[in-house]
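Enquirer: Okay, handing you the structure first.
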Amino acid sequence: MSRYLLDKFLYTVDRDPELVERYRKDPAGTVAWWEAEMAGTLLNCIPAERTTWLSFTEDERRALREHDHVALFEMGAHPFLTLTLFIAMFERDHGPLEYQKAYGRAMQHISLPYPDIAT
Amino acid sequence: MAELAAVIASTHHPFYYRASTSTGADRPPFADEWVAKIERFRETLTRAEPDVLVMVGSDHFHQLWLDNMPQFLVGKAPFFDANFYNEEREFGLPRMLLRGEEELAAHLLRDGLDRGFDLAFSNELRIDHSITCPIITLRPQANLPIVPVYTNIFAPPLPQPKRFVQLGRAIREMVESWDSDRRVAVIGTGHLSLELGGPRQFGEHGPDPEFDRKAVEWIASGDIEGCLAEVSLDSLHAPGNATHGFMDFMLMMGVAGEGQQADHVDTLDLFHTMEAYFTWYPNGLPQPREAAVAPAAVTR
């Protein structure tokens, strides 16, 4: 389980307008590219100083590839990161607050205590 | 010594800017009432005639990240750029530039470390909507120097609620021991019950109106002990998964002091969350400085 890496994906995509569009249009390609090229990037270091041991589990890859925000929540990805990025990608296809409400409804089966988000 | 001119605690609703500036069909039905409440709240700061603002907030995974996460951080820089691309995108917030007050920041860092708070610091900090929202609501001219104080209410493991209260008490003492003749307002923002990215998000009200009612009572009456007796890191999950932001209100209760009734209390029940606004005047209701000076001028 690499909750930290899920959060790192969501964080680095959400803060970059080009990556937001790329992940919306081509989730499978973006996830594969990101894991190969970006997962090991230490954010305040030069590219040669890469982290060597970070990778997704297959379930995590699948959740990201399928834009499955419910699975991401259940895996303990940080809910703020997921929500912010998914609003950026999909709110535009819906009326005011329609997407946010549907996003919550899709999780109605989840009750307290929620999955741990500590990294 | 510096004077603590006002203590202000507020929610920081990122949609206020857009709601208050929209017109015609885009203007939400609750905008006018919201603006009226904010304008009354703003007057409580204006009346205190502050020279410097200590701004307590929390970075929302903008500059601060999980590879190096501070619990409490003081920004010490001559300027602070503000707001990020994803805040422009989602909330329509403008880019801003605020002046910093480095002398007070240095004092808070030195004195805070000596008091046992191992404060992190940043000399190049881009601040986010937890600090720019109260600038927009309370001081839209954005013309006063600030000292940002960031807390971690966001990325567990988090400090205990009592630690937020302790830091608030220390900030008050440190502001009042700053060797300066300036008037300082301490402004902090957090949340009442709030759910983000979970099944209870974006409801008709905040996810837990009963928690909100109790929280407003604790804050308005300065009931720190009562609040600490009921609030724990575990208990804050129940009212909503982002409710740990309430700990910044607890910090501000620490600044205001045990048993201190707020001089201004207002709330607004919005969809999704309850807004709440509090102002304390530690040295009594402020008198206009011009009025204090004018009689002396006459007697000369």
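Enquirer: Applying the selection to segment B:145-193, what residues are open to solvent by 10 Å² or more (accessible area, probe 1.4 Å), within 30 Å of A:Gly76 (Cβ to Cβ) and either of a type in the set (Lys, Arg) or part of a helix (DSSP H, G or I) (or both)?
Expert: Matches in segment B:145-193: B:Lys162, B:Arg163, B:Gln166.
Enquirer: Going through segment B:5-30 one residue at a time, which ones are touching a residue at least 40 places away in the same chain (Cβ under 8 Å), open to solvent by less than 60 Å² (accessible area, probe 1.4 Å) and closer than 30 Å to B:Ala242 by Cα?
Expert: The answer is B:Ala6, B:Val7, B:Ile8, B:Ala9, B:Ser10, B:Thr11, B:His12, B:His13, B:Pro14, B:Phe15, B:Tyr16, B:Phe30.
Enquirer: Looking at A:Gly29 and the list (1) away from chain B (no Cβ under 12 Å); (2) open to solvent by 40 Å² or more (accessible area, probe 1.4 Å); (3) out of contact with any Leu (no Cβ under 9 Å at 6 or more places or on another chain), which single condition is not satisfied?
Expert: Among (1) away from chain B (no Cβ under 12 Å); (2) open to solvent by 40 Å² or more (accessible area, probe 1.4 Å); (3) out of contact with any Leu (no Cβ under 9 Å at 6 or more places or on another chain), A:Gly29 violates only (2).
Enquirer: I want to confirm something. Restricting to segment B:194-235 and keeping residues that are aliphatic (A, V, I, L, M) and in contact with a Ser or Thr (Cβ under 7 Å, 6 or more places away or on another chain), which single residue is least open to solvent (accessible area, probe 1.4 Å)?
Expert: Going through the qualifying residues, I end up with B:Leu194.
Enquirer: Identify, from the list A:Ile46, A:Ile117, A:Ile87, the residue that is farther than 28 Å from B:Phe202 by Cα and of a type in the set (A, V, I, L, M).
Expert: After ruling out the rest, the residue left standing is A:Ile46.
Enquirer: Could you check, for segment B:108-115, whether at least one of its residues is within 14 Å of chain A (Cβ to nearest Cβ), surrounded by fewer than 22 Cβ atoms within 10 Å (Cβ to Cβ) and of a type in the set (D, E, K, R)?
Expert: No, segment B:108-115 has no match at all.
Enquirer: Something else now. Which count do you get for residues in segment B:126-163 that are in contact with a Pro (Cβ under 6 Å, 6 or more places away or on another chain) and within 24 Å of B:Glu173 (Cβ to Cβ)?
Expert: So the answer is 1.
Enquirer: Just one of A:Leu54, A:Leu19, A:Leu64, A:Leu10 is more than 27 Å from B:Asp234 (Cα to Cα), in a helix (DSSP H, G or I) and in contact (Cβ under 8 Å) with a residue 40 or more places away in the chain; which is it?
Expert: Step by step, each of A:Leu54, A:Leu19, A:Leu64, A:Leu10 is checked, and only A:Leu64 is more than 27 Å from B:Asp234 (Cα to Cα), in a helix (DSSP H, G or I) and in contact (Cβ under 8 Å) with a residue 40 or more places away in the chain.
Enquirer: Name every residue in segment B:73-90 that is open to solvent by 20 Å² or more (accessible area, probe 1.4 Å), out of contact with any Asp or Glu (no Cβ under 7 Å at 6 or more places or on another chain) and more than 8 Å from chain A (Cβ to nearest Cβ), in order of residue number.
Expert: Narrowing segment B:73-90 to residues open to solvent by 20 Å² or more (accessible area, probe 1.4 Å): B:76, B:78-79, B:81, B:84-85, B:88-90.
This time we only want the ones that are out of contact with any Asp or Glu (no Cβ under 7 Å at 6 or more places or on another chain), so: B:79, B:81, B:85, B:88-90.
Result: B:Phe79, B:Asp81, B:Glu88.
Enquirer: Right, something else. Name every residue in segment B:31-50 that is hydrophobic (A, V, I, L, M, F, W, C), farther than 16 Å from B:Leu144 by Cβ and either open to solvent by less than 30 Å² (accessible area, probe 1.4 Å) or in a loop (DSSP other than H, G, I, E, B) (or both), in order of residue number.
Expert: Scanning segment B:31-50 gives B:Ala31, B:Trp34, B:Val35, B:Ile38, B:Phe41.
Enquirer: Let me ask another. Report, by residue number, each residue of segment A:69-119 that is in a loop (DSSP other than H, G, I, E, B), more than 7 Å from chain B (Cβ to nearest Cβ) and open to solvent by 40 Å² or more (accessible area, probe 1.4 Å).
Expert: A:His94, A:Pro96, A:Ala106, A:His109, A:Ser111, A:Pro115, A:Asp116
Enquirer: Give the residues of segment B:46-70 that are within 14 Å of another protein chain (Cβ to nearest Cβ) and among the polar types (S, T, N, Q), sorted by residue number.
Expert: Passing the criteria: B:Ser58, B:Gln63, B:Asn68.
Enquirer: Filter segment A:34-51 for residues that are open to solvent by less than 70 Å² (accessible area, probe 1.4 Å) and either part of a helix (DSSP H, G or I) or not aliphatic (A, V, I, L, M) (or both) and give the result.
Expert: A:Trp34, A:Glu35, A:Ala36, A:Gly40, A:Thr41, A:Cys45, A:Thr51, listed by residue number.
Enquirer: What tally of residues in segment B:194-248 results from selecting those that are outside any loop (DSSP other than H, G, I, E, B) and either without any contact (Cβ under 8 Å) to a residue 40 or more places away in the chain or of a type outside the set (Val, Ile, Thr) (or both)?
Expert: 25
The values are calculated or read from the model by the stated rules, or taken from the named source; none is laboratory data. From a predicted model like this one, the values you see are computed outputs, not experimental measurements. Neighbour counts run over all protein chains shown; Cβ positions are idealised from the backbone, glycine included. The area values use the complete protein model at the heavy-atom level, side chains included, leaving out ligands, DNA and RNA. Shrake-Rupley method; radii C 1.70, N 1.55, O 1.52, S 1.80 Å.
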